[in-house]
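A.B. asks: Quick one: the structure is below, and I'll ask about it shortly.
The values are calculated or read from the model by the stated rules, or taken from the named source; none is laboratory data. In this text, all values refer to a predicted model and were calculated from it rather than measured experimentally. Heads up, the Cβs are rebuilt from the backbone with ideal geometry, glycines too, and the neighbour counts pull from every protein chain shown. What goes into the accessible areas is simple: the full protein's heavy atoms, side chains included, and nothing from ligands, DNA or RNA. Shrake-Rupley method; radii C 1.70, N 1.55, O 1.52, S 1.80 Å.
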Amino acid sequence: MLTKQLVLILCSISLCYGEYVPHYKQHYTCVERKPSSIDAASICTKHDKKGAFRCYEGFRNSSVVSEQKVRSRMEDVVFCGWPERVFNPIMDLQGFHRIKSLTIEYSHSEIILDFPEMFYLQTINISWTNLSHLGSQKTFKKIHALKIVDLRWNKLMQLDPLLLPPTFEHLYLGGNPWNCTKNFKWLLVPEKGNYVADRELLVCADRKYKDRNVTTVMNYKVMLRNACQSHEDLKNCSCSMHHIIPKTHLPLYTVNCSHLGLHFLPAFLPENTTTLFANNNKITDISPLRNNIHYRYVVDVHLDNNMIETIDVLEGGYWLDHFRLLSLKNNKLKKIPVYALDNALDDNANANLLLLSMNPWHCSCKFGMRFREIVIKYNDILRDAWNITCTYKQDEEEKMSTIMAITREDVCKPKNESKIHVLDCINGALAIMILLILAKLGYDYYHYKNYGRVPWIVMKLP
């Protein structure tokens, strides 16, 4: 309670909203609200001679305002801690014919019905309540003299543009937990947003854009929408902002062109696009990832269920060395340049996920073993490794196995190949010759020692 009172007092001396602080904030409020134990019954007190009343916990049991004659003279009414779950303007303001200022503070009530037709009410202040939504855009439409509506410090998360009388001047919305994933673009439209006096101070409270300025977020959304609608390649794609960098306040965009039957990647992407979805198309060429400047900072690319047969074009390019996510599941890939992929993943500290399963990989002896080494080496990035299957030939028969389970004997040795290789025969012959030489040497040594005879070949030497 002390914190709320301090904020309210600061706002009343123009420290919160500067020139946008309404004059009535300096007068009839609930800053000095009595403790709830005292407020158990309705207590209404006259504030001044001009017909200003402050009521705690409603006015049903208050003799001060129970008479119709007294109500009809009231001009300024403050309700502190409205006791009902719903504040019904039609019933609860009945008889207040000349009221000019209405304040409702520290209440747990909602307003689900529109205000009735009123001719004198100029100022409405509903603050520090549990108000989370208004019943409709016409809530205040029938208040013909209305100039100011203050809805600060409530629980509003979303608000559609209100239909207001021609006399209206200012709407205050600060201090609410706005959900900026909703549509607040009307704030940027002059005829709808200009009457929001504190719109530059509104702050997002949702998880996605927490603590970001509402108008900044909406401006980025409008810029993105215009950029996407201005290019033919993106007219059927959906564009969204998924993040705003805290320090630089730069927006990061996602473009989704999935399920559109595209044969080529879009030639244009909005600036600051970092994520592209182009799943379930007929794309065969991914050269824009290397050659198109618009893709230079697109770090997450989803290309599942396309017709891509090769990624050789990415070899040695900037994109392959800096990507974060590349998904190529269920394409037409049979082979990739494993040495280039090895170098790229080794140098790319940003690489987080590479998905290659559900492709018709063909494992020859050389490619299969090298591919398996890469998959094992970068298993933390190739997280679908156990789903990558490979076909290979064995004894003229085509077989399939997961790349993690394949062995050199599977892909490098035909099944009916003889177990005795040529080299084995040569090695055996050499071993026999060595044994014969050793035997001959022993025989000659024996005869020389016992009979003094030298081998005949020595006799032939010159």
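A.B. asks: Which one of these does residue 174 not meet: (1) within 29 Å of residue 99 (Cα to Cα); (2) without any contact (Cβ under 8 Å) to a residue 40 or more places away in the chain; (3) crowded, with 21+ Cβ neighbours inside 10 Å?
C.D. replies: Exception for residue 174: condition (2).
A.B. asks: Provide a single number: the residues in segment 334-372 that are in contact with a Leu (Cβ under 8 Å, 6 or more places away or on another chain), part of a loop (DSSP other than H, G, I, E, B) and farther than 17 Å from residue 320 by Cα.
C.D. replies: Residues flagged as in contact with a Leu (Cβ under 8 Å, 6 or more places away or on another chain), part of a loop (DSSP other than H, G, I, E, B) and farther than 17 Å from residue 320 by Cα within segment 334-372 amount to 2.
A.B. asks: If I go through segment 204-233 residue by residue, how many of them are part of a loop (DSSP other than H, G, I, E, B), surrounded by 15 or more Cβ atoms within 10 Å (Cβ to Cβ) and charged (D, E, K, R)?
C.D. replies: 2
A.B. asks: Out of (1) open to solvent by 20 Å² or more (accessible area, probe 1.4 Å); (2) under 30 Å from residue 242 (Cβ atoms); (3) not assigned by the TED database to the domain that holds residue 115, what's the single condition that is false for residue 191?
C.D. replies: Only one criterion in (1) open to solvent by 20 Å² or more (accessible area, probe 1.4 Å); (2) under 30 Å from residue 242 (Cβ atoms); (3) not assigned by the TED database to the domain that holds residue 115 is unmet by residue 191, namely (2).
A.B. asks: Out of the residues in segment 301-348 that are out of contact with any strand residue (DSSP E or B) (no Cβ under 9 Å at 6 or more places or on another chain) and charged (D, E, K, R), state the one that is least open to solvent (accessible area, probe 1.4 Å).
C.D. replies: Going through the qualifying residues, I end up with 342.
A.B. asks: Which members of segment 373-392 meet the condition of being closer than 20 Å to residue 308 by Cα, in contact with a helix residue (DSSP H, G or I) (Cβ under 8 Å, 6 or more places away or on another chain) and in a strand (DSSP E or B)?
C.D. replies: Result: 390, single match.
A.B. asks: Select from segment 349-373 the residues that are surrounded by 21 or more Cβ atoms within 10 Å (Cβ to Cβ) and farther than 21 Å from residue 283 by Cβ and write down the one among them that is nearest to the chain's Cα centre (by Cα).
C.D. replies: In this case the residue turns out to be 351.
A.B. asks: Given the options 123, 103, 129, name the one that is in the same structural domain as residue 55 (by the TED database), modelled with pLDDT of 95 or more and polar (S, T, N, Q).
C.D. replies: So the residue among 123, 103, 129 that is in the same structural domain as residue 55 (by the TED database), modelled with pLDDT of 95 or more and polar (S, T, N, Q) is 123.
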